[in-house]
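S.K.: Sending over a structure as structure tokens; questions will come in a sec.
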Amino acid sequence: MSDFDTGAALPTKSEDFVMAVAFADVPQGGVLAVEVDGVEIALVRDGDDVYAIRDECSHAAIPLSEGDVEGCEIECWLHGSRFDVRTGAVLNLPATEPVQTYPTKLEGDAVLVDLSMHRS
Ligand code: FES
């Protein structure tokens, strides 16, 4: 079965995945801040792929969603650390710790996020 099953009503849960937003709401080449089950997430779209990263810089409590996106990298506006939204890896100082990322998938028009590792 395809993850891109179209025509069905938007699901609210699928296994550990929870509906976050409609795919069309995530700007191409940009970032969208959302709260899903009490978790602040920055959703970044690169083409047909959407990545979910915790919306907090590991250097200080600054929302990454207020920074700039370039491809699969998001830059914290305060001191300029960049993070790979696919892995959460920090790419430059001053931050030294990665940021939590979450698996995503598309179902119909919906972006679903798996927050199970956030709860564990
Ligand atoms: S708060 Fe993000 S790099 Fe310093």
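The values are calculated or read from the model by the stated rules, or taken from the named source; none is laboratory data. Predicted model, so just to flag it, every value in this text is computed and none were measured. For neighbour counting, all protein chains shown are included, and Cβ atoms are generated from backbone atoms with ideal geometry for every residue, glycine included.
S.K.: Quickly run through region 66-93 and pick out the residues that are among the small types (Gly, Ala, Ser) and either within 12 Å of the ligand (Cβ to nearest atom) or in contact with a helix residue (DSSP H, G or I) (Cβ under 9 Å, 6 or more places away or on another chain) (or both).
M.R.: From region 66-93, those among the small types (Gly, Ala, Ser) are 67, 71, 80-81, 88-89; that's our starting set.
Passing the criteria: Gly67, Gly80, Ser81.
S.K.: List the strands (runs of 3 or more DSSP E) inside region 28-69, counting only whole elements, that have at least 2 residues being closer than 16 Å to Ala89 by Cα.
M.R.: 39-46, 49-54
S.K.: Another question, if that's okay. Applying the selection to region 28-44, what residues are closer than 18 Å to Cys76 by Cα, at pLDDT 95 or above and surrounded by fewer than 21 Cβ atoms within 10 Å (Cβ to Cβ)?
M.R.: The answer is Leu32, Ala33, Val34, Glu40.
Residues are listed down the side, and each one gets a yes or a no for (1) in contact with a strand residue (DSSP E or B) (Cβ under 9 Å, 6 or more places away or on another chain); (2) surrounded by fewer than 18 Cβ atoms within 10 Å (Cβ to Cβ); (3) within 14 Å of Gly30 (Cα to Cα):
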residue: Ile53; (1), (2), (3): yes, no, yes
residue: Cys57; (1), (2), (3): yes, no, no
residue: Ser65; (1), (2), (3): yes, no, yes
residue: Gly71; (1), (2), (3): yes, yes, yes
residue: Arg82; (1), (2), (3): yes, no, no
residue: Leu91; (1), (2), (3): yes, yes, no
residue: Ala95; (1), (2), (3): yes, no, no
residue: Gln100; (1), (2), (3): yes, yes, no
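S.K.: Separate question: What are the pairs with Cβ atoms under 8 angstrom where one residue, in region 66-87, is hydroxyl-bearing (Ser, Thr, Tyr) and the other, located anywhere, is modelled with pLDDT of 95 or more and surrounded by fewer than 18 Cβ atoms within 10 Å (Cβ to Cβ)? Sequence gap at least six, or different chains.
M.R.: Filtered contacts from region 66-87: Ser81/Leu91; Ser81/Asn92; Ser81/Leu93; Ser81/Pro94; Thr87/Pro98.
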